[in-house]
Amino acid sequence: MPTAQLDFEKNIAGWWREVKDDFWGDVKQETLKLVRLLLEESMKEELVGYTQAQWHEHTGQARPYRNGSYTRALSTALGVLPELRVPRSRDGGFHPTVLPRYQRRQEAVNGLLRETFLAGVSTRRVGEVVQPLLGVRWSATTVSTVTKTLDAAVHQFQRRALLDEYQVLVLDGVTRRVKDALGVKKRLVLVAYGLTVFGQRVLLSFRQAPSESATAWEAFLNDLYRRGLEGTNLRLVVTDGCKGLHAALAVVFPYVTRQRCWAHKLRNVASRLPRRLQAAALQEAKTIYQAPTRREAVTRFQRWARHWQATAPTAVACLREDLEELLPFLDFPEAQRVKLRTTNVIERCFREVRRRTRPIGCFTNAASCDRIIYAVFHRLNTIWQDRPLRQFTHFT
């Protein structure tokens, strides 16, 4: 590279550093001054309205009157405003609307703390991460307090009305570690993922449960039903084969076809095979779900069963007993099958939950677990909102 060009790039880099350090630094400070002036003048005008007397005006009438001011620090998205002067009245009844009582942070700051935490930064490190932006280092306790504001959003998400427009339902659970009065316990988070008749992907709801029992799943499915998902358009429910879940489906959605997950089933088959035979047997078994029709899939299974019956009879029996519930996806258009033959669509969501909760290790209580899972699901639903699966927009 020519020397002149190197000098030019070096000068540009130096000039830009000066712009950031000097110009933007000055702009930020001047903007903070204007924000302070605006807030203080607004509060003064509110006090004038409260006392019904102009500044320095004295009347003999019995009415509230001023009592000086006190200072409060306020953290804004632009930085900290130290010693912000807040006027007050002698009767103590004046509370400015532009600065709610006890507020030390703008909602934009709370939002930044929440988003940083939800992005995967631990509560202990959030303050350190945002300090260069906000000019103050918030404690882990403050961050934890701010994240508790998500509780209302979780409550609304788990109780919102649902439209009866879902054609496919995928159900599964993910395990998380949560503390209770007696120590750390594993909790199952039951999750429902749906595909609408318009091809929209939606994480419908989640609930914590002690296990994947029939009782827990039935309560979860009944909750979806009461909120509006009655199954009028429901044509397929994809599951991992959990017995408790299937017992609950027989009660709540007894007439909807069930599709067992091939990925889970082949793992079960592999556990019944000697290690030396697993690769070959599973590779041949995969040709079953790659068949173009249900009839061909049955033919391929019979061929596979004859081949492995002598050396791995328990593996063959494992696949045979659930073959009927492994083939319904073949009754749907070929473009849709890859999304219907496994629970992978929901497993990808679980991977995002695990990635986000890895720094936490163990939740301090059930509510903190709900907040994180809600935040992950809300983000995924927002991303998917404008990205429908086109192959499902005309379900036939």
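Among the listed residues V338, V345, identify the single one that is over 24 Å from K179 (Cβ atoms), free of Cβ contacts under 8 Å to residues at least 24 places away in the same chain and of a type in the set (A, V, I, L, M, F, W, C).
On the way: V345 fails: free of Cβ contacts under 8 Å to residues at least 24 places away in the same chain.
None of the others qualify; the one that does is V338.
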By residue number, the members of the stretch 348-360 that are touching a residue at least 40 places away in the same chain (Cβ under 8 Å), open to solvent by 10 Å² or more (accessible area, probe 1.4 Å) and in a helix (DSSP H, G or I) are R354, R355
Say we look at the stretch 326-344 and pick out the residues that are surrounded by 19 or more Cβ atoms within 10 Å (Cβ to Cβ) and among the hydrophobic types (A, V, I, L, M, F, W, C); which of these is nearest to V170 (Cα to Cα)? L340
Taking helices (runs of 4 or more DSSP H) that fall entirely within the stretch 243-300, which contain at least 3 residues that are in contact (Cβ under 8 Å) with a residue 40 or more places away in the chain? 262-270
Considering the stretch 241-289 alone, what residues qualify as being open to solvent by less than 20 Å² (accessible area, probe 1.4 Å) and among the basic types (K, R)? K265
Output the number of the condition that T357 fails; it satisfies all remaining conditions of (1) in contact with a strand residue (DSSP E or B) (Cβ under 7 Å, 6 or more places away or on another chain); (2) over 30 Å from K179 (Cα atoms); (3) of a type in the set (S, T, Y). (2)
Where residues in the stretch 304-325 are free of Cβ contacts under 8 Å to residues at least 12 places away in the same chain and in a loop (DSSP other than H, G, I, E, B), which of them is most open to solvent (accessible area, probe 1.4 Å)? A310
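The values are calculated or read from the model by the stated rules, or taken from the named source; none is laboratory data. The structure displayed is predicted, hence computed values, not measured ones. Here Cβ is always computed from backbone atoms with ideal geometry, including for glycine, and neighbour counts include all displayed protein chains. Keep in mind that these areas ignore ligands, DNA and RNA; they rest on the heavy atoms of the full protein, side chains included. Shrake-Rupley method; radii C 1.70, N 1.55, O 1.52, S 1.80 Å.
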